[in-house]
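**Student:** Sharing a structure with you now.
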Amino acid sequence: MTTTSAIPQRPWQVLDRRSGWQYPLGSLGFVTAQGLGLVAGTLLSRAVHGSGAASDVEAHPWPGLAVTLGVQALVSVALYVLMVRLLARRPVHELSRDGAAAEFGRGMALGAGMIAVVAAVLALTGSLRITGASLNTGIVIGLMMGVGAGFAEEILFRGVLLRLLDQHFGSWPALTVTAALFGGMHLLNPGATMWGAIAIMIEAGVMLGAAYLYTRRLWLPIGIHLAWNAVLGGVIGGTVSGTEIGGPAGLFTSRLSGPDWLDGGTIGLEGSIVTVVVGLALGAWFLRGAARRGHLTPAHLPWRSSPSRS
């Protein structure tokens, strides 16, 4: 006679233990605290550097902006860990240190490699030209823009929204909704266009969400996002999601001169059809790997019994 024992849950399958209003309030507090941190940093930068320019990024406020974005990243991690431990009452597996360096490094390599491939293709077509190079503070500004966005946006969109929607509705609905929200958020950027938002939704929203589902941790998508922004703005000297760095823009000075569908127009390289294709291919690879690992949750309705995730 044999007995069957319950199959132990993997770490990412441990659901949050929410208590009524506490978790939505904690999520709102997370977003609000991030916003207040950026406002405080902006006011600090303007107090130091003046307020003559349209924005801090355009004013090239070194080192104020870099410090602000670095603090934003630290605050994002600290707030998320506190929220999960106090409200969800579970270990923070998605930000645990075991294997973090390897996943983060792999993400950095993928993000940098993806932008390098796109830049190389556009250079071969004549749509991207490097017109100069210099060591300047724009390199560090680009890096810190990557740090700030990589941690803050990945924790919010993948750590909070995608993870919770996945628990309640399944992986595919969660990925679709968060990718759309991520692309729509970029409509607020200075050089934003509707096509640019759709492109970012596909190449980044889907791909970064798929990277989270592939590992069920945040280090890989954080690394990709950080390197993507850092290389695009701090090395190539390009527009990052429609936002100009200002001043000495990166290690290289580059110029885009092709049609908008190829060079991205005012949104920059992220609006290029080449970036969309490369990002979508990488996202599909992650999703294939996530399916093989059993990391995808079947679509379901939250008020019905959840399907097994073994």
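**Student:** Do you know which residues across the stretch 169-219 are in contact with a Pro (Cβ under 8 Å, 6 or more places away or on another chain), open to solvent by less than 60 Å² (accessible area, probe 1.4 Å) and modelled with pLDDT under 95?
**Tutor:** Within the stretch 169-219, G170 is the sole residue that qualifies.
**Student:** Kindly list the number of the only condition in (1) of a type outside the set (A, V, I, L, M, F, W, C); (2) buried (at least 21 other Cβ atoms within 10 Å of the Cβ); (3) not in a helix (DSSP H, G or I) that fails for N136.
**Tutor:** Going through the list (1) of a type outside the set (A, V, I, L, M, F, W, C); (2) buried (at least 21 other Cβ atoms within 10 Å of the Cβ); (3) not in a helix (DSSP H, G or I), N136 breaks only (2).
**Student:** Tell me yes or no: at least one residue of the stretch 256-270 is at positive phi, open to solvent by 10 Å² or more (accessible area, probe 1.4 Å) and touching a residue at least 60 places away in the same chain (Cβ under 8 Å).
**Tutor:** Looking for residues that are at positive phi, open to solvent by 10 Å² or more (accessible area, probe 1.4 Å) and touching a residue at least 60 places away in the same chain (Cβ under 8 Å), one finds at least one in the stretch 256-270, hence yes.
**Student:** Let me ask another. What's the total number of residues in the stretch 295-310 that are exposed (fewer than 15 other Cβ atoms within 10 Å of the Cβ) and either among the charged types (D, E, K, R) or at pLDDT 95 or above (or both)?
**Tutor:** The number of residues fulfilling the criteria is 1.
**Student:** Any idea which of L143, L165 is of a type in the set (A, V, I, L, M, F, W, C), under 29 Å from A299 (Cβ atoms) and in a helix (DSSP H, G or I)?
**Tutor:** Unique residue meeting the criteria: L165.
**Student:** Of everything in the stretch 67-126, what is within 21 Å of L161 (Cβ to Cβ) and basic (K, R)? Give them in sequence order.
**Tutor:** R85, R89, R90
**Student:** Hey, another quick one. Among the residues of the stretch 92-132, how many are closer than 20 Å to A152 by Cα, of a type outside the set (G, A, S) and open to solvent by 40 Å² or more (accessible area, probe 1.4 Å)?
**Tutor:** 6
The values are calculated or read from the model by the stated rules, or taken from the named source; none is laboratory data. The structure presented is a predicted model; accordingly, all values stated were derived computationally and were not measured. For neighbour counting, all protein chains shown are included, and Cβ atoms are generated from backbone atoms with ideal geometry for every residue, glycine included. Protein only, heavy atoms only, side chains kept; ligands, DNA and RNA dropped before computing areas. Shrake-Rupley method; radii C 1.70, N 1.55, O 1.52, S 1.80 Å.
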